[in-house]
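Here the structure comes first, spelled out in structure tokens, and everything after it is commentary.
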Amino acid sequence: MWYVIQVQTGREEQVMEEARSYEVHEYFDEIFAPHYERKKKYLGKWHMETSLLFPGYLFIISSHPEELYKALKRIPQLTRILGNGEKWTPMTEEDIEIVELLSGEERLMKFSEGWIQGDKVMVTKGPLKGMEGNISRIDRHKRVAWLNVELFGRTVELQAGLEIIRKE
């Protein structure tokens, strides 16, 4: 089952390392923080970089949730484990599908490309293809799109790399 852990933004990698070293690793199959590809311009050239897709959140897959829950409490940087009250709640199938659709097996959302016709965005390549209806705004100069997705029972705004090749 998949679970979500909330951590202090900027400490995602540190908490994952601590989970691996605090004898927690035996209770989970995978812990990850999905990233997305984006382009940044510096020194006069565009460079491909990665940024966190869900800043402040980690995803963990485990078939031993009770033992994992107890073991995670040993990690000092851990903020909270998402759930209802005192109960740790697994992610829904729909939430898992969205995370997998966006980040794939590599846990990296690839860079997308598309074009604009009038006020309509047409994505031709990448994970945003077919998700044009979720795009709320685009910054063509920074090559970033913001999209709204239903996740964790609420609407979450995410950033994704998107290059607009042309505008008609």
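Read-outs: derived from the displayed coordinates by stated rules, not from any lab. Worth saying up front: this structure is predicted, and the values here are computed from it rather than measured. Cβ sites come from the backbone with ideal geometry, for glycine too, and all protein chains shown count toward neighbours.
Miscellaneous remarks
- Neighbour counts of other Cβ atoms within 10 Å put 78, 52, 68 in the fewest-to-most order 52, 78, 68.
- When all alpha carbon pairs of the range 122-168 are counted in 5 Å bins from zero, the resulting P(r) reads 5, 22, 31, 26, 10, 5, 2, 0 %.
- Inter-probe distance in nm under a simple model that places probes 7 Å from Cα toward Cβ, at residue 61 and residue 152: 2.0
- Mean-square fluctuations from a GNM of the chain, with a 10 angstrom spring cutoff on Cα atoms, peak among 98, 31, 60 at 98.
- Put in line by how crowded their Cβ is, counting other Cβ atoms within 10 Å and starting with the fewest, 164, 96 read 96, 164.
- Across all Cα pairs in the range 2-167, the calculated P(r) in 10 Å bins from zero up to the longest distance comes to 10, 36, 30, 17, 6, 0 percent per bin.
- Neighbour-count ranking [beta-carbon atoms within 10 angstrom, fewest first] of 119, 29: 119, 29
- Note on the chain: GNM, Cα springs under 10 Å; of 57, 36, 22, the largest mean-square fluctuation is that of 22.
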